[in-house]
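The values are calculated or read from the model by the stated rules, or taken from the named source; none is laboratory data. Note that the coordinates shown come from a computational prediction; the quantities given were computed from them, not determined experimentally. Cβ placement follows ideal geometry from the backbone for every residue including glycine, while neighbour counts extend to all protein chains displayed. Remember, those area values only see protein heavy atoms, side chains included, never the ligands or the DNA or RNA. Shrake-Rupley method; radii C 1.70, N 1.55, O 1.52, S 1.80 Å.
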Amino acid sequence: MSRLTHLDEDGSAHMVDVSAKAVTTRQAVASGRIAMSEEAANAIAQGLVKKGDVLAVARVAGIMAAKRTADLIPLCHPIALSSVSIDFALDGSGVTITATAKTAGQTGVEMEALTAATVALLTVYDMAKALDKGMVIGEVRLLSKTGGKSGEWRAS
């Protein structure tokens, strides 16, 4: 088994030193889904949720979350993001959210994409919970990443 990079020789947690790594263009794409009642899904799609435009607020929340990932995940490096995008696919039973994070740097943006997707999902829940408290958030996962020493990776 390979050594866990967030543990030093003594087994103590530490932030990985990326100073010797090359600066490369990096991108990560993550997604997740929130399942809900048809009533809630239709209200979101039609813009009828009393709290406002659910998807617009979720988009801003996801972007803000990506920018704050290092504040939330203890050993993440602060990253200067080049861009973050949040996309939505609605259907009669929920919303699938896809977050894409990009940077040119010495470490990847997988955690930023995953954080963006997760917080966007939580925001949808918060905005629509009056319509359906039983919504289920799940299927959050990394879909792909590019750049860095390990190159390209895609979920199968």
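Against the conditions (1) at negative phi; (2) not in a strand (DSSP E or B), where does residue 83 fall short? Just the number, please.
(2)
Name the pairs: first residue in region 64-76 and of a type outside the set (A, V, I, L, M, F, W, C), second residue assigned to a loop (DSSP other than H, G, I, E, B), Cβ to Cβ under 6 Å, at least 6 apart or on different chains?
Matching pairs, first to second residue: 69/76.
Considering each residue of region 10-50, count those that are part of a loop (DSSP other than H, G, I, E, B) and either over 14 Å from residue 135 (Cβ atoms) or open to solvent by less than 30 Å² (accessible area, probe 1.4 Å) (or both), and give that number.
18
Considering each of 75, 90, 142 in turn, give the residue that is farther than 30 Å from residue 50 by Cα and part of a strand (DSSP E or B).
Matching residue, one of 75, 90, 142: 142.
If I filter region 113-121 for residues that are farther than 16 Å from residue 40 by Cβ, assigned to a strand (DSSP E or B) and open to solvent by 20 Å² or more (accessible area, probe 1.4 Å), do I get at least one hit?
no
Given the conditions (1) over 14 Å from the mean Cα position of the chain (by Cα); (2) in a strand (DSSP E or B); (3) more than 14 Å from residue 34 (Cβ to Cβ), report the number of the one that residue 107 does not fulfil.
(2)
From the list 99, 65, 61, which residue is in contact with a helix residue (DSSP H, G or I) (Cβ under 6 Å, 6 or more places away or on another chain), of a type outside the set (D, E, K, R), within 18 Å of residue 147 (Cα to Cα) and open to solvent by less than 70 Å² (accessible area, probe 1.4 Å)?
99
When only residues in region 122-146 that are closer than 20 Å to residue 82 by Cα and either of a type in the set (S, T, N, Q) or free of Cβ contacts under 8 Å to residues at least 40 places away in the same chain (or both) count, which is least open to solvent (accessible area, probe 1.4 Å)?
144
Identify all residues within region 102-112 that are of a type in the set (Ser, Thr, Tyr) and open to solvent by 20 Å² or more (accessible area, probe 1.4 Å); write none if there are none.
Within region 102-112, just 107 meets the criteria.
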